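Peer 1: Have a look at this one before I ask anything.
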Amino acid sequence: MADRAHARKATARSASTGRQTAFLPFARPTIDEETIAAVAAVLRSGWIASGPQVDAFEAALSDYLGGRAVRTFTSATGALEVALQACGIGPGDEVIVPAMTFAATANVVVRVGARPVFVDVEPATRNIDLGRAEAAVTSRTRAIMPVHFAGLPVDMDALYALAQRHGVRVIEDAAHAIGSSHRGRRIGSFGDLIAFSFHPNKNLTTIEGGALSIRESVEVKQIERLRFHGLENGSESGMDILVAGGKYNLSDVAACVGLAQLRRLEQFNRRRREFAARYFERLDTDPPLLLPARGDEGHSWHMFAPLLPLDRMRAGRVDFIRAMRERGIGVGVHYPALHLFSLYRKMGYRPGDFPNAEHIGRSTVTLPLFPAMSENDVDRVCDSCAGILGRLRN
Ligand SMILES: *Cc1c(COP(=O)(O)O)cnc(C)c1O
């Protein structure tokens, strides 16, 4: 988000050594030569929209997720919107969403005509507080949409027990969580409807793209129709249209990138875990950053986002981010509390409604974490944080 320098490949002079170092963005996709060659082959094949590569990618994702039905989309946003439509959710319905998430999680609820009901998150995990979620259930609640924040899974046992008690659907926003697992079970290999994102910043990319893992096989055809003009499985001949479907099918060019990425996903996520562990070891600042919850081996570390100790600083987050940028390091903000944007204030949400989300939204900073960075990069980030926070201490 706040990382335009990413694109312009800025360089910065290291304060200590005077050496030029490449700008380190907070996220960067890993695209290898094999992937580039595969893209060229698909482009030359004459079939570049949805076709054999999409079929193969969906089959590979299904394999990865224990044989579940998986359908791909042009984005997670599209997948989430179709999931809501497939559940028959619309005007008069309520969907419970966390207040600490990306815009898409609640926007899709508005787009289908339902009302997003925000719930605060737990301060440590930044995942939806399931106790508060249960208290927010009404007779109009049709679904709960948790986010596995930064790749740290929500407590799945408690989540599905809650859903069962109240007879509501679960649509997991697993945009951060491809490769995450809860008690040894991969996110997306169980549960109701699970949406993944393949945006370039995510753990697996198709440039833009997403996928939906589907439990109810009777819903697959409806989801295919909602994905493509109301038609089943892309077929335009001899079929009726029963629903005004959208247009969310992935291209074969994108799918072949996804196939190559999926082959390396475990390796990518291992690197992410190693760098996160190194941050925990080496990030030592005064005043101290509040580090994110560590989770266990099931954490896919989509991002590493500590909180700034703002009450012990004589400058704000923008100053910290600017100082990091001057040292050649990109820092993101994921995310401002969602209920405080104008759209949601107009629905009646106010500052003070969700103190945990608001505190995180004010003080969170996303530090660089991606598979192709190095141990040295992590150390450089740690040293820069220590230097800058020492200088900004009040
Ligand atoms: C990235 C993201 C999305 C949207 O993903 P797209 O594929 O860009 O549509 C949704 N929810 C969360 C939490 C995300 O981080």
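Peer 1: Quick one: in the range 127-178, of everything that is within 15 Å of the ligand (Cβ to nearest atom) and in a helix (DSSP H, G or I), which residue is surrounded by the most Cβ atoms within 10 Å (Cβ to Cβ)?
Peer 2: F149
Peer 1: With P368, P351 as the choices, which residue is on the phi < 0 side of the Ramachandran plot and crowded, with 20+ Cβ neighbours inside 10 Å?
Peer 2: Every option except P368 fails the conditions.
Peer 1: OK, next. Looking at A244, A255, which is the one that is away from the ligand (no atom under 14 Å from the Cβ) and in a loop (DSSP other than H, G, I, E, B)?
Peer 2: Exactly one of A244, A255 is away from the ligand (no atom under 14 Å from the Cβ) and in a loop (DSSP other than H, G, I, E, B), namely A244.
Peer 1: Do you know which of the residues in the range 71-115 that are more than 18 Å from the chain's Cα centre (by Cα) and of a type in the set (V, I, T) is farthest from the ligand (Cβ to nearest atom)?
Peer 2: Per the criteria, the residue is I89.
Peer 1: Checking the structure you have, find out if any residue of the range 269-281 is modelled with pLDDT under 95 and either part of a helix (DSSP H, G or I) or polar (S, T, N, Q) (or both).
Peer 2: Looking for residues that are modelled with pLDDT under 95 and either part of a helix (DSSP H, G or I) or polar (S, T, N, Q) (or both), one finds none in the range 269-281, hence no.
Peer 1: Looking only at the range 159-191, which residues are among the polar types (S, T, N, Q) and without any contact (Cβ under 8 Å) to a residue 40 or more places away in the chain?
Peer 2: Hit for the range 159-191 is Q164, nothing else.
Peer 1: Note down all Cβ pairs under 9 Å where the first residue falls in the range 116-130 and is without any contact (Cβ under 8 Å) to a residue 24 or more places away in the chain, the second is surrounded by 20 or more Cβ atoms within 10 Å (Cβ to Cβ) and outside any loop (DSSP other than H, G, I, E, B), and they're at least six residues apart or on different chains.
Peer 2: From residues that are without any contact (Cβ under 8 Å) to a residue 24 or more places away in the chain, there are no pairs.
Peer 1: Could you count how many residues in the range 311-348 are hydrophobic (A, V, I, L, M, F, W, C), assigned to a helix (DSSP H, G or I) and crowded, with 16+ Cβ neighbours inside 10 Å?
Peer 2: 6
Peer 1: Inside the range 198-210, can you point out the residues that are in contact with a Leu (Cβ under 9 Å, 6 or more places away or on another chain) and either among the aliphatic types (A, V, I, L, M) or near the ligand (Cβ under 6 Å from one of its atoms) (or both)?
Peer 2: L204, G210
The values are calculated or read from the model by the stated rules, or taken from the named source; none is laboratory data. Note that this is a predicted model, so its numbers are computed, not measured. All Cβ positions, even for glycine, are placed from backbone atoms using ideal geometry, and neighbour counts span all protein chains on display.
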